[in-house]
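Student: Below is the structure I would like to discuss, written out as structure tokens.
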């Protein structure tokens, strides 16, 4: 039986207009034969969960609850940065925004989620939440190829709120590199593969064989950078490939 290493940090914060000292988790891991599970709970503002296991795993994670209470809105800024590698195993990342200034910015519940299982994995991600939105702004952390897998692989990567949002599903045998440099979700509106005030950088480069699906669901409208508009409903882009697959710009937005 593999041993389990659990790192759990719960930041309990007093309700106050005075900023408290930030709560920070910095951790590194390297080794084999154990499952790593990290749970970082920033009071009622956000929750980060990361789990990984494999023949060999290594990585680093930095999570910060700023305890800043900007504008006295009673919602702190929370930030997470991670880089992880796995050989013959899997990883799962979830960042959930759990609080919001609802009177101006709508309900919380926005989530960034990634699951990867493969012979070889490299993953780099940056999430940030505050009183208004959830953002995944990877510019300056890792601009390209945030999700990489090779060998036989399965990938699910999405940005969700309830029944709405966008998701990439890919399964195959070969090598794939997925770039989604920027993502954001505020209220009931989202951007996938774009946003954060940066240039758009959203692409897939794959060798080998497999299948790829891009799905987006929004109640009012979905607009894509590749020329498709859906007036509320579901957009699905599906491909089966035998000798490689390329998607130059999958960026889209919904509301």
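Student: Quick check: is even one residue across the range 23-32 modelled with pLDDT under 95 and surrounded by fewer than 21 Cβ atoms within 10 Å (Cβ to Cβ)?
Tutor: Yes, the range 23-32 contains at least one residue that is modelled with pLDDT under 95 and surrounded by fewer than 21 Cβ atoms within 10 Å (Cβ to Cβ).
Student: Which one is surrounded by the fewest Cβ atoms within 10 Å (Cβ to Cβ) among residues in the range 34-63 that are touching a strand residue (DSSP E or B) at 6+ places or on another chain (Cβ under 7 Å) and not in a strand (DSSP E or B)?
Tutor: Within the range 34-63, the match that is surrounded by the fewest Cβ atoms within 10 Å (Cβ to Cβ) is 43.
Student: Something else: Those residues that are surrounded by fewer than 15 Cβ atoms within 10 Å (Cβ to Cβ) and more than 21 Å from residue 165 (Cβ to Cβ), I need them from the range 228-243; list them, please.
Tutor: Those that are surrounded by fewer than 15 Cβ atoms within 10 Å (Cβ to Cβ) and more than 21 Å from residue 165 (Cβ to Cβ): 240, 242, 243.
Student: Can you find a residue in the range 104-113 that is touching a residue at least 60 places away in the same chain (Cβ under 8 Å), part of a strand (DSSP E or B) and crowded, with 22+ Cβ neighbours inside 10 Å?
Tutor: yes
Student: Which condition from (1) part of a strand (DSSP E or B); (2) buried (at least 20 other Cβ atoms within 10 Å of the Cβ) is the one that residue 100 breaks?
Tutor: (1)
Student: Next question, about the same structure. Among what's in the range 143-153 and is over 22 Å from residue 47 (Cα atoms) and within 15 Å of the chain's Cα centre (by Cα), pick the residue that is surrounded by the most Cβ atoms within 10 Å (Cβ to Cβ).
Tutor: First pass over the range 143-153, keeping only residues over 22 Å from residue 47 (Cα atoms): 143-145, 148-153.
Imposing the further condition that a residue be within 15 Å of the chain's Cα centre (by Cα) reduces the set to 143-145, 148.
Values: 143: 15, 144: 15, 145: 17, 148: 22.
Checking each candidate, the answer is 148.
Student: Among 179, 246, which is assigned to a strand (DSSP E or B) and either farther than 28 Å from residue 81 by Cβ or touching a residue at least 60 places away in the same chain (Cβ under 8 Å) (or both)?
Tutor: Details: 179 fails: either farther than 28 Å from residue 81 by Cβ or touching a residue at least 60 places away in the same chain (Cβ under 8 Å) (or both).
Sole residue among the options that is assigned to a strand (DSSP E or B) and either farther than 28 Å from residue 81 by Cβ or touching a residue at least 60 places away in the same chain (Cβ under 8 Å) (or both): 246.
Student: Filter the range 209-252 down to residues that are modelled with pLDDT under 95 and under 18 Å from residue 193 (Cα atoms), then give me how many there are.
Tutor: Initially, the range 209-252 is screened for residues modelled with pLDDT under 95, giving 232.
Checking the rest, the ones that are also under 18 Å from residue 193 (Cα atoms) come to none.
Residues meeting the conditions: 0.
Student: Inspect the range 196-208 for any residue being buried (at least 24 other Cβ atoms within 10 Å of the Cβ), out of contact with any helix residue (DSSP H, G or I) (no Cβ under 8 Å at 6 or more places or on another chain) and outside any strand (DSSP E or B) and give the result as yes or no.
Tutor: Among the residues of the range 196-208, not one is buried (at least 24 other Cβ atoms within 10 Å of the Cβ), out of contact with any helix residue (DSSP H, G or I) (no Cβ under 8 Å at 6 or more places or on another chain) and outside any strand (DSSP E or B), which makes the answer no.
Student: Please determine whether any residue of the range 124-131 is crowded, with 19+ Cβ neighbours inside 10 Å, on the phi < 0 side of the Ramachandran plot, part of a strand (DSSP E or B) and without any contact (Cβ under 8 Å) to a residue 40 or more places away in the chain.
Tutor: No, that holds for no residue.
The values are calculated or read from the model by the stated rules, or taken from the named source; none is laboratory data. Because the structure is predicted, anything quoted here is derived from the model rather than measured. Cβ atoms come from the backbone with ideal geometry, glycine included; neighbour counts cover every protein chain shown.
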